[in-house]
Amino acid sequence: MKSVLLIGMGMFGQTLGEKLLDMGVEVMIVDRNEDVINSLAPKYTGALIANCMNVDNLQELDIPSYDACVVAIGDDFQSSLEITSVLKDLGAKHIVSKASTDIQRKFLLRIGADEVVYPIKDAAEKLAVKLNSKRVFDYFELDDETSVMEIAVPASWVGKKLVDANPRKYGLNILAFKKGNKIGDAPTATTIFEVGAHMLVFGNTKQILTFTNKSDKLK
């Protein structure tokens, strides 16, 4: 079972913590707000009221014993920076730090973070993509140019075999089909497009979005 040290229990920290618990991960939470820790402690493997700017407090947590350490502080970048640095010095295996800007990301990576996340930026970009096309139902960016998206099957493709629709002509690589909450096996050339199904596709972000915006006109 994996273990995670989660520092900072604001909205992002609490949401992340809940998801980790749902997946069976052991989570140790730390925050300097006594009321927050007291309300959340019963749910978690461990909980500590502490100011992690204090090196002694972090040393007591046996940092190398955790599979990952997450610095989820959002309102004090200086604290986030210093805590990330101390975690690195104490032998953290993998550090994930929260950032709000590209400049913060650069500093966090330079000081010792292995990974930096942008919760607000990521949520905004995801919403922008969904608003841009009513046929995009979910979206995961792999890099600046490549994504995995859940998109609707064009009405004109229903009943056709995958090989006949030739989605690669539009820059789409279909990873799987989804109907309701169920994801099917990897498709083959003879897989038939069904009514109400969604496609999980991989490819260039711009090409996928261009396709979704024109898919109603496909024949």
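Starting from residues that are in a strand (DSSP E or B) and of a type in the set (V, I, T), keep the ones in region 64-75 and report whichever is surrounded by the fewest Cβ atoms within 10 Å (Cβ to Cβ).
Across region 64-75, the extreme among qualifying residues is V70.
Between residues in region 50-78 that are more than 16 Å from I29 (Cα to Cα) and residues that are part of a helix (DSSP H, G or I) and open to solvent by 70 Å² or more (accessible area, probe 1.4 Å), which pairs lie under 8 Å by C-beta distance while being six or more apart or on different chains?
Hits for this filter: zero, empty list.
In this structure, is E18 surrounded by fewer than 20 Cβ atoms within 10 Å (Cβ to Cβ) and over 18 Å from P119 (Cα atoms)?
no
Of the conditions (1) open to solvent by 60 Å² or more (accessible area, probe 1.4 Å); (2) in contact (Cβ under 8 Å) with a residue 24 or more places away in the chain, E34 clears all except one; give me its number.
Checking E34 against (1) open to solvent by 60 Å² or more (accessible area, probe 1.4 Å); (2) in contact (Cβ under 8 Å) with a residue 24 or more places away in the chain, the one that fails is (2).
Count, please, the residues in region 45-63 that happen to be touching a Leu at 6+ places or on another chain (Cβ under 7 Å) and either assigned to a helix (DSSP H, G or I) or within 23 Å of P119 (Cα to Cα) (or both).
4
Filter region 2-24 for residues that are over 16 Å from the mean Cα position of the chain (by Cα), under 18 Å from L61 (Cβ atoms) and not in a strand (DSSP E or B) and give the result.
Matches in region 2-24: K2, G8, M9.
When you scan region 136-171, how many residues do you find that are within 18 Å of P187 (Cα to Cα) and either open to solvent by less than 80 Å² (accessible area, probe 1.4 Å) or of a type in the set (V, I, T) (or both)?
So the answer is 18.
Return the total of residues in region 76-111 being part of a loop (DSSP other than H, G, I, E, B) and either surrounded by 17 or more Cβ atoms within 10 Å (Cβ to Cβ) or at pLDDT below 90 (or both).
Residues that pass the stated criteria total 5.
Regarding F202, is this residue under 18 Å from R135 (Cβ atoms), aromatic (F, W, Y) and either open to solvent by 30 Å² or more (accessible area, probe 1.4 Å) or assigned to a loop (DSSP other than H, G, I, E, B) (or both)?
yes
The values are calculated or read from the model by the stated rules, or taken from the named source; none is laboratory data. Remember, it's a predicted structure, so these values are computed and weren't measured experimentally. Positions of Cβ are backbone-derived with ideal geometry, glycine not excepted, and every protein chain shown enters the neighbour counts. We work out accessible area using only protein heavy atoms, side chains counted, and drop any ligands, DNA or RNA first. Shrake-Rupley method; radii C 1.70, N 1.55, O 1.52, S 1.80 Å.
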